[in-house]
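The values are calculated or read from the model by the stated rules, or taken from the named source; none is laboratory data. Computed from a predicted structure; not experimentally measured. For neighbour counting, all protein chains shown are included, and Cβ atoms are generated from backbone atoms with ideal geometry for every residue, glycine included. Keep in mind that these areas ignore ligands, DNA and RNA; they rest on the heavy atoms of the full protein, side chains included. Shrake-Rupley method; radii C 1.70, N 1.55, O 1.52, S 1.80 Å.
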Amino acid sequence: SFAPFQGAGVNASVLVTEDLRGRDLKLGSPGTLELSYAAVDAAGKVRAGSNDRLQLMALKPDTKAQIEQSGLRVFNRMELPPGRYAVRVATHDEAGGALGSVAYNLDVPDFHALPFSMSGLVLTSIATGRMVVAKADAQMKDVLPAPPIAERSFPQNDQVWLFAEIYDNARDTPHTVTIGATLTSEAGAVVYKIDEEHASTEIAGPSATYRYRARVPLTDLAPGVYVLSVEARTHAGRDATASRQALITVTAAEKK
């Protein structure tokens with residue numbers, strides 16, 4: 001999954017979350033797990049790229065068993081200027097020979113220029129947070145109870161945690177901002193909704209950033225596909241909104 005956030009300068013900071021199936025990796029053998037990342041702009045120029053090399057030979061027995069059962073999670077960051085990109089992530093397990101790749105069309109907003117905008121949406125849950133994390137993301141450790149996930153399928157006895165940043169550049173006039181999360185069924189019924197209101201005076205500094213975190217319980221939901229939406233609305237002069245959505249699947253509760 002790919003989630004752009006406002007960076008320190010002109011560039012955005014894009015969080016890349018990659019989940020690898022443990023059964024596809026030859027664990028405990030000499031060799032390197034290679035992961036490569038590249039973002040190509042509309043003109044065909046590579047604007048960001050990196051390579052990770054992970055050693056999976058000297059694993060503790062319990063760690064090896066956990067990877068085989070649940071998988072391996074890797075995080076990376078790409079610094080990109082505003083624009084549209086073709087992003088490709090590729091993996092190669094030298095020991096076992098397994099290959100894999102993901103291609104994605106990514107839009108990076110100009111967070112500094114927009115009067116009101118929202119970062120990408122990051123999800124996690126306790127049940128799907130069981131993967132071994134080979135490379136963590138320090139920024140997400142402070143805002144979520146478990147590492148971010150690329151998974152979008154959750155059991156009924158789980159609960160989804162979400163995180164997004166809202167960027168409010170209308171700093172001169174005091175106002176309020178409403179932020180809420182909604183879960184909607186395939187039939188269009190709202191099955192969960194939560195809202196909260198913030199005053200612009202709560203946030204200081206040159207660029208107001210609301211760090212929004214919410215918990216969405218799944219216990220009473222029927223198995224099926226749902227739309228998880230986060231919407232923020234600013235009441236500074238003419239109302240403006242920013243939103244993100246994610247499709248999630250709720251499955252039958254896991255047996256304990």
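Going through the stretch 116-159 one residue at a time, which ones are within 17 Å of residue 4 (Cβ to Cβ), at pLDDT below 90 and in a loop (DSSP other than H, G, I, E, B)? Those that are within 17 Å of residue 4 (Cβ to Cβ), at pLDDT below 90 and in a loop (DSSP other than H, G, I, E, B): 137, 150.
In the stretch 47-76, the residue that is surrounded by the fewest Cβ atoms within 10 Å (Cβ to Cβ) out of those that are hydrophobic (A, V, I, L, M, F, W, C) and in a strand (DSSP E or B) is 54. Tell me yes or no: at least one residue of the stretch 118-130 is of a type outside the set (Val, Ile, Thr) and open to solvent by 30 Å² or more (accessible area, probe 1.4 Å). Within the stretch 118-130, one or more residues are of a type outside the set (Val, Ile, Thr) and open to solvent by 30 Å² or more (accessible area, probe 1.4 Å).
In a residue-by-residue description of the stretch 24-46, the property of being assigned to a helix (DSSP H, G or I), open to solvent by 30 Å² or more (accessible area, probe 1.4 Å) and within 22 Å of residue 130 (Cα to Cα) applies to at least one position. Considering (1) open to solvent by 20 Å² or more (accessible area, probe 1.4 Å); (2) in a strand (DSSP E or B), say which one residue 162 fails and leave the rest. If we test residue 162 against (1) open to solvent by 20 Å² or more (accessible area, probe 1.4 Å); (2) in a strand (DSSP E or B), just (1) comes out false.
Among the residues of the stretch 187-199, is there at least one that is exposed (fewer than 12 other Cβ atoms within 10 Å of the Cβ), within 21 Å of residue 115 (Cβ to Cβ) and either out of contact with any Leu (no Cβ under 9 Å at 6 or more places or on another chain) or not aromatic (Phe, Trp, Tyr) (or both)?
If we filter the stretch 187-199 for residues that are exposed (fewer than 12 other Cβ atoms within 10 Å of the Cβ), which is where we start, we get 187-190, 197, 199.
Retained after the next criterion (residues that are within 21 Å of residue 115 (Cβ to Cβ)): 197, 199.
Okay, now just the ones that are also either out of contact with any Leu (no Cβ under 9 Å at 6 or more places or on another chain) or not aromatic (Phe, Trp, Tyr) (or both), so 197, 199.
Yes, there is a match, as at least one residue in the stretch 187-199 is exposed (fewer than 12 other Cβ atoms within 10 Å of the Cβ), within 21 Å of residue 115 (Cβ to Cβ) and either out of contact with any Leu (no Cβ under 9 Å at 6 or more places or on another chain) or not aromatic (Phe, Trp, Tyr) (or both).
The set of residues in the stretch 1-22 that are closer than 19 Å to residue 73 by Cβ and β-branched (Val, Ile, Thr) comprises 14, 16, 17. In the stretch 197-213, the residue that is modelled with the lowest pLDDT out of those that are over 19 Å from residue 235 (Cβ atoms) and in a strand (DSSP E or B) is 211. Figure legend. Inter-residue proximity from the stretch 169-183: first residues closer than 11 Å to residue 198 by Cα, second residues basic (Lys, Arg), beta-carbon distance below 6 Å, spacing 6+ or different chains. Indicated pairs: 178/233.
Filtering 233, 215 for residues that are more than 25 Å from residue 17 (Cα to Cα) and either touching a Pro at 6+ places or on another chain (Cβ under 8 Å) or basic (Lys, Arg) (or both) leaves a single hit, 233.
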